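Values in this text are rule-based calculations from the coordinates and carry no lab data. Computed from a prediction, not measured in an experiment: that's the story for all the values here. When we count neighbours, we look across all protein chains shown, and the Cβ atoms used for this are built from the backbone with ideal geometry, even at glycine.
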Ligand SMILES: NC(=O)c1ccc[n+]([C@@H]2O[C@H](COP(=O)([O-])OP(=O)(O)OC[C@H]3O[C@@H](n4cnc5c(N)ncnc54)[C@H](OP(=O)(O)O)[C@@H]3O)[C@@H](O)[C@H]2O)c1
């Protein structure tokens, strides 16, 4: 296993939910974390703790490309290296095949697909340099099958699977390992309106964070391209 000591991981959408749990878990294990979120003040408060010497909080707005470059630059200035990128920031909407405005589709595409794509592009030179770079894309079981009407969400998460496999291909010879983690329901704000599964039955964000930490720690010789995480039995997954 790779040691967390000195390794630097960027995490998008670290202000709450899954991203916040991942950031706290990695900081607790000794990683250096560069956290990105739209509201830096809120992010800093959420990540208050004894690890400030290993933490950088930066603005990341998926819809604002200049914030992508600035975040990567500041990470490099502060830590001088980059070992991993966790593309977590994401959202959902109710755009269906039959209903919904094009702007809603574009907004979801920008956050769930274009953000991760361009961050990956910007991080690749640094990840190649370190020899054991990791890209973790927080996808979804909605990236593996279509089980509801929210077609835009399902399409963006299927695209994240393609991005992961593409990253895996071009990164492999440089020691980069890309993993798509595909959860079912996780108990966060995103699922606050879900009634068919109770909060207690959903995946705990802290457990999801441990899975992410495992994907980051596995050596180049034991890579998982996809990790499917269920909280309930499905027929095929
Ligand atoms: N919860 C689930 O059941 C579930 C299941 C499968 C996959 N996922 C995936 O897990 C990831 C995290 O979801 P979550 O459950 O933790 O949701 P959440 O609690 O709603 O948190 C979403 C995070 O993404 C950030 N974000 C949203 N739009 C953004 C944008 N345009 N630019 C930058 N950051 C943005 C939010 O930042 P702000 O605080 O600024 O809004 C927040 O930090 C998403 O990719 C989601 O699709 C979740």
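Rank 87, 112, 148 by mean-square fluctuation in a GNM of the chain with C-alpha springs under 10 angstrom and give only the top-ranked residue. Maximum among the listed residues: 148. Neighbour counts of C-beta atoms inside 10 Å place 59, 7 in the sequence 59, 7, starting with the fewest.
Within region 1-100, DSSP assigns beta bridges of which about 0% are antiparallel (rounded to the nearest 5).
Modelled this way, with points 7 Å down the Cα-to-C-beta line, the labels at residue 210 and residue 109 are 3.9 nm from one another.
Build a GNM of the chain with springs between Cα atoms under 10 Å apart, and of 22, 176, 97 the one that fluctuates most is 97. Spin-label model, residue 70 to residue 93: label points 7 Å out along the Cα-to-beta-carbon direction sit 2.4 nm apart. Remark: 103, 226 ranked as 103, 226, counting other beta-carbon atoms within 10 Å and listing the fewest first. The Cα atoms of region 91-237 cover 44, 35, 26 Å along the three principal axes, with the biggest extent listed first. Principal-axis analysis of the Cα atoms of the chain puts helix 17-29 at an angle of about 30° to the longest axis. Which one, 147, 177, 169, has the greatest fluctuation when you compute a Gaussian network model over the chain with C-alpha springs under 10 angstrom? Maximum fluctuation in the GNM of the chain, among the listed residues, is at 147.
Based only on the alpha carbon positions, what is the Kirkwood hydrodynamic radius of region 82-145, in angstrom?
Here the Kirkwood hydrodynamic radius works out to 13.3 Å.
Fewest neighbouring Cβ atoms within 10 Å first, the residues 167, 94, 221 line up as 221, 94, 167. With a Förster radius of 25 Å applied to the C-beta separation of residue 129 and residue 3, the computed FRET efficiency comes to 0.90. Please work out the C-alpha center-to-center distance from region 159-187 to region 41-119 and express it in whole Å. When both Cα centres are located, 16 Å separates them.
Principal-axis analysis of the Cα atoms of the chain puts helix 115-130 at an angle of about 30° to the longest axis. Helical runs (DSSP H, four residues minimum) scored at -39500 (n - 2.57) apiece and divided by the length of the chain put the mean residue ellipticity at 222 nm at -12500 deg cm²/dmol. Enclosing the Cα atoms of region 103-189 in their convex hull gives a volume equal to 99 cubic angstrom per residue.
For region 1-148, the fraction of C-alpha pairs more than 25 angstrom apart is 28%. Relative to the longest principal axis of the Cα atoms of the chain, the long axis of helix 151-171 lies at roughly 30 degrees.
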